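Everything below concerns the one structure shown next.
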């Protein structure tokens with residue numbers, strides 16, 4: 001009987017180990033999928049925050065365009081627009097062979 005008890009104990013341990021391995025094989029892919037989804041969610045949250053900040057900046061700029069004449073003039077000058085009485089001076093570098101110099 002002792003041999004039968006040892007065989008039964010080993011079989012029970014083997015069945016438990018197989019069940020544990022089977023459970024792990026089912027659980028690990030789900031955990032990896034969950035982790036990937038969590039990372040993607042965090043990326044989307046960062047993207048959303050960045051876009052909300054950008055939208056807020058655009059709203060501020062829109063408000064300034066509607067209320068501040070000096071801001072409109074500043075932006076117009078930045079894109080090369082001038083009023084009829086203004087004169088544009090462009091400076092070129094000899095080193096760049098006649099190309100415009102950056103105005104940094």
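Can you say whether residue 60 is surrounded by 10 or more Cβ atoms within 10 Å (Cβ to Cβ), in a helix (DSSP H, G or I) and touching a helix residue (DSSP H, G or I) at 6+ places or on another chain (Cβ under 8 Å), as far as the supplied structure shows? Spelling it out, it is not the case that residue 60 is surrounded by 10 or more Cβ atoms within 10 Å (Cβ to Cβ), in a helix (DSSP H, G or I) and touching a helix residue (DSSP H, G or I) at 6+ places or on another chain (Cβ under 8 Å). So, residue 90, is that one without any contact (Cβ under 8 Å) to a residue 60 or more places away in the chain and assigned to a helix (DSSP H, G or I) or not? No, not satisfied.
Throughout, read-outs are computed from the coordinates displayed, never taken from laboratory work. Just so you know, these numbers come straight off a predicted model, no measurement behind them. With ideal geometry, Cβ positions are generated from the backbone for all residues, glycine too; neighbour counts draw on all protein chains shown.
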